[in-house]
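Read the structure below first, then the notes.
The values are calculated or read from the model by the stated rules, or taken from the named source; none is laboratory data. Being a predicted model, the structure only gives us computed values, none of them experimental. Backbone-built Cβ (ideal geometry, glycine too); neighbour counts: all protein chains shown.
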Amino acid sequence: MDELSYTVDIHTHLLSPQVRFDRLLDRMAVPFFAKNLGAEPAKLRTDPWETYVTSMARAVKNSRFVDKTCLFGVDSRIDAKGREIDRDKTVCAMNSDVIKVARRYPRQFVPFFSINPNRPDALDSIDEYVEKGCQGAKFLQNYWGIDLNTPGLIPYYERLRQYKLPLIVHVGSEYSIRSEKAYEGVEMLRLPVETGVTVIAAHMGLGQLNHKLFPWRNLSRNPAWFDSDYFQLLELLEAHDNLYADISAMLIPLRARALHHLAKQTQVHHKILFGTDYPVPFTIRFNTHGLPREIARRIANTENPFDRYALAMLEFFPHGSPVYSNYHHVLPGRVGTG
């Protein structure tokens, strides 16, 4: 079923203005990557950031299903003394970059900030970016190397709660940037949830390579081999009114195997948010995710990347599912569609 009123994509990324696709592997991957973005390969090579921004804005504008997206970068890695120790040249777009793009395309993008809590001025920065229009926050604590259950973070969480800002927390595997596995699990949700923040657990806690002796189990659709964090998250969603989860990047094979199971967990569908994790690509042409091949082929041939993702999700969460309207609960009165 294709019919779907406009929805909000809760999870999309702005790349760093320093992004380049000039390594040998990058040059080989650009045609595939460009197709997934709806961009021209030559322009993506010669002017990558501007091409990325304009292609994304055009794709949102022309989407049949996605009216706008929540757009964020990723803050730098900061040590305990407040010193910047790493800034990934692909992923780490700064908040100023996000604000600039959102002001350039206000119809397409809702700005979120990413502020590393190790920054000495983190609380003042929250005030600053709320004043500039940011409507949520994004953590990549597994890249930052921060335990989100550290009591010293409570003032940060209280500031988010004060402003009624949702906080997107990465849970599950991470392969696009340096990541510390100790900070990828659902246990990272405990303190922010207890502090009263509206928390969105990204990626459903899925995607780890847990089975090394029997690697095929990592792709099995048998729930017995799913990540334990996934089942813990389902329980937490039922237990906490202020906890939600998104289905961003759920079409990569390590996560997509759980879609049939998640589709049956209707008791938590009122807590699940639509998201893509754009620009993360997915290969439904080669991995059907259990869908009939003719349906997978039709979806794979869809040019618009947001529509391609939405069409795949509609096979698991059909028209009328709360998955597409739950953004109203985390962005009340701020974002309208249509």
Exclusive hit being in contact (Cβ under 8 Å) with a residue 60 or more places away in the chain and in a helix (DSSP H, G or I), set Y156, Y143 = Y143
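Table: residues versus (1) of a type outside the set (S, T, Y); (2) touching a Ser or Thr at 6+ places or on another chain (Cβ under 9 Å); (3) closer than 21 Å to T12 by Cβ; (4) surrounded by fewer than 23 Cβ atoms within 10 Å (Cβ to Cβ).
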residue: F112; (1), (2), (3), (4): yes, no, yes, no
residue: P117; (1), (2), (3), (4): yes, yes, no, yes
residue: D127; (1), (2), (3), (4): yes, no, no, yes
residue: V130; (1), (2), (3), (4): yes, no, yes, yes
residue: Y143; (1), (2), (3), (4): no, yes, yes, no
residue: P166; (1), (2), (3), (4): yes, yes, yes, no
residue: Y175; (1), (2), (3), (4): no, no, yes, yes
residue: R190; (1), (2), (3), (4): yes, no, no, yes
residue: E194; (1), (2), (3), (4): yes, no, no, yes
Selection status of T337, assigned to a loop (DSSP other than H, G, I, E, B) and modelled with pLDDT under 90 | yes
Unique residue being surrounded by 15 or more Cβ atoms within 10 Å (Cβ to Cβ), touching a Ser or Thr at 6+ places or on another chain (Cβ under 9 Å) and over 24 Å from N287 (Cα atoms) when the list is L237, L243 | L243
In region 67-90, what count of residues is obtained for those that are buried (at least 19 other Cβ atoms within 10 Å of the Cβ) and over 21 Å from the mean Cα position of the chain (by Cα)?
-> 1
Residues V197, V186, V110, V169: which one is at pLDDT 95 or above, among the hydrophobic types (A, V, I, L, M, F, W, C) and over 17 Å from the mean Cα position of the chain (by Cα)?
-> V197
Condition met for L160 (in contact with a Cys (Cβ under 9 Å, 6 or more places away or on another chain), on the phi < 0 side of the Ramachandran plot and either surrounded by fewer than 18 Cβ atoms within 10 Å (Cβ to Cβ) or modelled with pLDDT of 95 or more (or both)) = no
Can you name the residue in region 57-66 that is assigned to a helix (DSSP H, G or I) and hydrophobic (A, V, I, L, M, F, W, C) and is also surrounded by the fewest Cβ atoms within 10 Å (Cβ to Cβ) among such residues?
-> A57
Could you list all residues from region 8-48 that are outside any loop (DSSP other than H, G, I, E, B) and at pLDDT 95 or above?
-> V8, D9, I10, H11, T12, H13
